[in-house]
Amino acid sequence: MKTVSISGSLRENVGTKDAKKQRKEGKVPCVLYGGTEQLHFVTEEVSFKKLVYSPDAYTVKLDINSKNYNAILQDIQFHPVGDNILHVDFLEIFDDKPVTIHVPVRITGTAPGILKGGKLLEKLRKLKIKALPANLPDFITVDISNLEIGQSVRVSDVSLDKITLLDSPNSVIVGVRVTRVVVEEAPKTAEGAAPAAEGAITPATTPAAGEKGKEPEKGKK
């Protein structure tokens, strides 16, 4: 997995007042945990441009007071109005401990169902995985070359070496759904009329507009 580097400095004071002061100076209060101790530090908000505002997944190399730490972004808080970053949590990672992270999905191939008029429906753009840092992929490839209309690829259909998928096995990642164009071009029946959609009311069962239902005609004596 690709890595982004961020430099920071330890906070001398930890508290709400100090955090507000740091934010006014364009810095973001951060916490690194998961190791032997928690580290409270600040870094420039512009440092998060590549890490946060990107569809890609990264591990992070933190340089805090000239000491390096390997980490992943664990949580981030934004201002509810201005969208400025208020606080960031990092989780320190180690070579011998599995990491849980979300990785983007990359779709490859051309589905036959799309060529026949179907529409591609992407349900999961990221998958939650667990693996050792050395085995973390930049993305997970999902091939749709065999998908016909109405078919899909589920989490259970994806198999990755040395990686555990944590999403529900029945969750749909991507599928091809039917469209109105496909329905309108459906083959006609032997009588020359297109088959009625399931649940549709046919003219034979619908009274004419403004006409009340008639009593069944009684038999003649």
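Here is a yes/no grid of residues against (1) in contact with a Ser or Thr (Cβ under 9 Å, 6 or more places away or on another chain); (2) assigned by TED's automatic domain parsing to the domain that holds Ile163:
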residue: Asp56; (1), (2): no, no
residue: Thr59; (1), (2): yes, no
residue: Gln74; (1), (2): no, no
residue: Val81; (1), (2): no, no
residue: Thr110; (1), (2): yes, yes
Margin query: On the basis of being assigned to a strand (DSSP E or B) and either loosely packed, with under 15 Cβ neighbours inside 10 Å or modelled with pLDDT of 95 or more (or both), does Gly192 make the cut?
Written below: no
Check: Quick one: in the range 14-35, which of the residues that are in a loop (DSSP other than H, G, I, E, B) and in contact with a strand residue (DSSP E or B) (Cβ under 9 Å, 6 or more places away or on another chain) is modelled with the lowest pLDDT?
Finding: Val14
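What about Ile107, is it in contact with a strand residue (DSSP E or B) (Cβ under 9 Å, 6 or more places away or on another chain), closer than 24 Å to Leu73 by Cβ and β-branched (Val, Ile, Thr)?
Values: in contact with a strand residue (DSSP E or B) (Cβ under 9 Å, 6 or more places away or on another chain): yes; closer than 24 Å to Leu73 by Cβ: no; β-branched (Val, Ile, Thr): yes.
So Ile107 does not fit the description; no.
This table checks each residue for (1) under 13 Å from Ile101 (Cβ atoms); (2) in contact with a helix residue (DSSP H, G or I) (Cβ under 7 Å, 6 or more places away or on another chain); (3) in the same structural domain as Ile107 (by TED's automatic domain parsing).
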| position | (1), (2), (3) |
| --- | --- |
| Gly118 | no, yes, yes |
| Lys123 | no, no, yes |
| Lys130 | yes, no, yes |
| Thr141 | no, no, yes |
| Ser152 | no, no, yes |
| Val158 | no, no, yes |
| Ser168 | no, yes, yes |
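Quick check on the range 64-72. Is at least one of its residues under 21 Å from the mean Cα position of the chain (by Cα), closer than 29 Å to Ile140 by Cα and surrounded by 17 or more Cβ atoms within 10 Å (Cβ to Cβ)?
Within the range 64-72 (the criterion being under 21 Å from the mean Cα position of the chain (by Cα), closer than 29 Å to Ile140 by Cα and surrounded by 17 or more Cβ atoms within 10 Å (Cβ to Cβ)), the answer is yes, since at least one residue qualifies.
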Notebook entry, point to check: Can you tell me how many residues in the range 98-116 are touching a helix residue (DSSP H, G or I) at 6+ places or on another chain (Cβ under 8 Å) and over 20 Å from Leu39 (Cα atoms)?
Noted result: 1
Next item on the list: Would you list the strands (runs of 3 or more DSSP E) that sit entirely within the range 63-172 and hold 3 or more residues that are farther than 27 Å from Thr43 by Cα and in contact (Cβ under 8 Å) with a residue 24 or more places away in the chain?
Entry: 99-108, 119-122, 126-131, 140-143
Note to self: If I ask for residues that are on the phi > 0 side of the Ramachandran plot and free of Cβ contacts under 8 Å to residues at least 24 places away in the same chain, which ones from the range 16-49 would you list?
What the structure shows: Gly26
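The values are calculated or read from the model by the stated rules, or taken from the named source; none is laboratory data. Fair warning: this is a prediction, and the values are worked out from it, not measured in the lab. As a convention, Cβ positions derive from the backbone with ideal geometry for all residues, glycine included, and neighbour counts pool all protein chains shown.
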